[in-house]
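The values are calculated or read from the model by the stated rules, or taken from the named source; none is laboratory data. Since we're looking at a predicted model, the values are computed, not measured. All Cβ positions, glycine included, derive from the backbone under ideal geometry; neighbour counts span all protein chains shown.
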Amino acid sequence: MIGSISSDVPSEIEAKVRAVLRSEPRLGPSFHLRDLRLERDGVILLVGEAPSVAAKKIALEKVAAIQGISGIADHLHVVPATTMGDKEILDHVRNGMIGEPNFKDFEVSESKGGRLRLVRGAPQGVRGRIDIEVGDGVVILNGSFPDLTSKRLAGVIAWWVPGVRDVVNGIAVEPEEEDSPDLIAEAVRVVLEKDPLVNASQIRQGVRHRVVRLTGLVPADSEREAAERDVWMIFGVDTVINEIEVRP
């Protein structure tokens, strides 16, 4: 449901936002917008809960397209699959990063009480650094990585922790790498191969701009849904078109 809107929002923008979100069936009945404020610079603040990463991204895309809005301050959080405290979430995210073979040459640090603490140093040459912070179920990732694919994989590893409400991926890529559909496709392949619930060899992907189309054959709806869910979690993906067929 869509809750009350702050009176600070001009009625024209309010009507447009309400109409756009209410007319989008993919958000589902559990989408809840608790607050919305339009700042003087045209940036709109969205506060609420979304049932999935997909719903969150769809809502942001729809609102961003409204004329008169110059940007979005995103405070839409995903309703977690499992209730977890910040310490438990931090433990899972940290262990996920340390256990990822692609990150074996990365230093891993975590923030507790506002202080950053190194928890795993790279055994030889350091190729990157991951800094992890968790607050109110929101995972904040900082540091530096050598490529966009690794940055995207780190974000998905954080999203895979079932208590996470949001992931803010502020990892810098050094040297800077120009994004492209080919790099998004590479990240899709890597993420699907990492998910034990998905047989990546049965799934094909095509990428145009930031839109990913999935095709192929899988034996169960659960695998089809898992593949789509994974792709929505990838940083930089705006739309997922799931054309995977299910054949038991």
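Here are some notes:
- Of the residues making up segment 213-248, those that are part of a strand (DSSP E or B) and either of a type in the set (S, T, Y) or within 16 Å of V156 (Cα to Cα) (or both) are T215, T239, V240.
- Neighbours by Cβ (under 9 Å, 6+ apart or cross-chain): first from segment 219-231, within 17 Å of V53 (Cα to Cα); second of a type in the set (K, R): D230/K194
- Residue that is farthest from A73 (Cα to Cα) [pool: residues in segment 26-45 that are buried (at least 21 other Cβ atoms within 10 Å of the Cβ) and among the aliphatic types (A, V, I, L, M)]: L27
- Considering each residue of segment 232-240 in turn, none proves to be polar (S, T, N, Q), closer than 29 Å to V138 by Cβ and surrounded by 17 or more Cβ atoms within 10 Å (Cβ to Cβ).
- Taking the listed residues I98, I140, I72, the one that is surrounded by fewer than 20 Cβ atoms within 10 Å (Cβ to Cβ) and assigned by TED's automatic domain parsing to the domain that holds P51 is I72, with no other qualifying.
- Answer residue from segment 190-210, given it is in a helix (DSSP H, G or I) and touching a strand residue (DSSP E or B) at 6+ places or on another chain (Cβ under 7 Å) and is farthest from V156 (Cα to Cα) among those: Q202
- Residue in segment 110-129 that is in a strand (DSSP E or B), hydroxyl-bearing (S, T, Y) and modelled with pLDDT under 95 present: yes
- Scope segment 201-215; condition touching a residue at least 24 places away in the same chain (Cβ under 8 Å) and either crowded, with 18+ Cβ neighbours inside 10 Å or out of contact with any helix residue (DSSP H, G or I) (no Cβ under 8 Å at 6 or more places or on another chain) (or both); matching residues: I203, Q205, V207, V211, V212, R213, L214, T215
- Screening segment 101-121 for residues that are under 17 Å from P146 (Cβ atoms) and out of contact with any strand residue (DSSP E or B) (no Cβ under 6 Å at 6 or more places or on another chain) and picking the one that is surrounded by the fewest Cβ atoms within 10 Å (Cβ to Cβ) gives P101.
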